[in-house]
Structure formats: C-alpha cells, structure tokens
Amino acid sequence: MTRRGLLIILSSPSGAGKSTLARRLMDWDPTIRFSVSATTRAPRAGEADGREYYFRTRAEFEAMIDSGDMLEHAEVFGNFYGSPKGPVDAALAEGRDMLFDIDWQGGQQVRNSSLGKDVVSIFVLPPSIAALESRLRGRGQDSPEVISGRMQKSRDEISHWAEYDYVLINDDLERTDAALRGIIQAERLRRDRQTGLAEFVRGLNREFAAR
C-alpha cells in the first residue's frame, strides 16, 4: 500500500504551544519533515543554505514568485520569506509528510495553491487569554512592549480559527499532543490519499474471480 504525503499546517497565536507540539510530533514520527523556508535576508553565523533557510537574492525570490514556485510568501521588515513549492511537491509525491509552522495568511495561500488538496490544517488555541499572556511573560525573553504587541497580534490570529480543518484547545499538553497524532493518523488513512488502494481492491476481485 502506498499513499500521498500530507501537507500539515500548524498555526497558533504566539505562546499557545505550537512549537512544542511541532517538535513532539516530529519526535513521534521522525519521517515527518519540517518545511525549510526561503528568505532574502543574509545568513547569520552558523546558518547553512538548505538547513535553516534557502538563502536567495531578492531577484531570485521574485523570480520564484513570478514563476509560481512559491507556495506562500510574505515580506517582513524588508525581507521576503516563503515556502518553495518544489521540495514540498517532491516529498508529497514520495509519500512523505511535510510540516509547516506558518500563520493564517501563509496557510490561506497554501490552501489556495495547487497543493491545496494535500493540506491538513490545524489551529491551536490557548485555554484562555490570561494563560496565553502568562506563557509569554513566563518565557522571560520579551519586553512588556513586545508582549503587548504579541497579544494584539494574537487577537487577529485567533479570529481566523474557523478557516482550519481542526482546532485544538491546548489546555493539557499531553492530551493535545495525543489529539494531534490522532488527526495525522486518521488523515493518512483517507481513501483518496491511499494511492495503492484501487489496485489492492482489484487484486481482491481477481481472487474472487479465480475461486
């Protein structure tokens, strides 16, 4: 039996636990690959092309957009970021699942792309706004001004929850992690994703005919 891979979109407001869930999902199944984005920003110390990012010039990136080779893209603080289509298309055709950690805008672009049929989109909600703010403050990484900005952005992100196939409320990490794995297992078994299923059934019918 063979199947086509999944394009897994995982989105959430900052602090809802998306990165932790993504890491645990790939620990559970190391065959799930994290999609490497392309960017026009310069590499930082220790970064390698094709590992952290595909580093491209602005002209190269714009050419990829014009030729339809980007699944999604956005300009952030003067630099382009986006997901090249080629590596994802190849992985899905080989039955490998790709995980995308992108916001609702990127998810919308991917769902509207030629690979939209392969998408499984999951939005992660915090148990409460108070818990979300507490998690952001508990990181100890951001100033009060930055946290305030993240909270404002979270309100906009949460407003797009209904655009996703699945919504998980992350009030218990273990339970949410188990639910996420259950979604992936079920989606892998969808009839239209099992590319070898029709031939398998034909084989069963040949057995019937030979009796």
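The values are calculated or read from the model by the stated rules, or taken from the named source; none is laboratory data. Bear in mind that the values here come from a model prediction, so they are computed numbers and not experimental data. Please note: Cβ atoms are built from the backbone with ideal geometry, for glycine as well, and neighbour counts cover all protein chains shown.
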Options R4, R24: the member that is assigned to a helix (DSSP H, G or I), touching a residue at least 60 places away in the same chain (Cβ under 8 Å), closer than 30 Å to A186 by Cβ and touching a helix residue (DSSP H, G or I) at 6+ places or on another chain (Cβ under 6 Å): R24
Criterion violated by D142 - all others in (1) touching a residue at least 12 places away in the same chain (Cβ under 8 Å); (2) of a type outside the set (K, R); (3) not in a helix (DSSP H, G or I) satisfied: (1)
Long-range neighbours under 7 Å by Cβ, at least six apart or interchain, first residue at pLDDT 95 or above within the stretch 183-211, second among the aromatic types (F, W, Y) and not in a helix (DSSP H, G or I): I183/Y166
Tally, over the stretch 45-88, of residues that are under 23 Å from R33 (Cα atoms), out of contact with any helix residue (DSSP H, G or I) (no Cβ under 9 Å at 6 or more places or on another chain) and among the acidic types (D, E): 3
Verdict on S37 being out of contact with any Phe, Trp or Tyr (no Cβ under 8 Å at 6 or more places or on another chain), of a type in the set (S, T, Y), closer than 30 Å to P126 by Cβ and surrounded by 13 or more Cβ atoms within 10 Å (Cβ to Cβ): no
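For the stretch 148-163, check the following and say yes or no: at least one residue is of a type in the set (F, W, Y) and free of Cβ contacts under 8 Å to residues at least 40 places away in the same chain.
Within the stretch 148-163 (the criterion being of a type in the set (F, W, Y) and free of Cβ contacts under 8 Å to residues at least 40 places away in the same chain), the answer is yes, since at least one residue qualifies.
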Which listed residue, of R139, R150, R155, is of a type in the set (D, E, K, R), in contact with a Pro (Cβ under 9 Å, 6 or more places away or on another chain) and closer than 22 Å to T176 by Cα: R155
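Okay, residues lined up against (1) over 20 Å from M26 (Cβ atoms); (2) buried (at least 16 other Cβ atoms within 10 Å of the Cβ):
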position	(1), (2)
F77	yes, no
K85	yes, yes
A90	no, no
M98	no, yes
G107	no, yes
P127	yes, no
E133	yes, yes
P144	yes, no
G149	yes, no
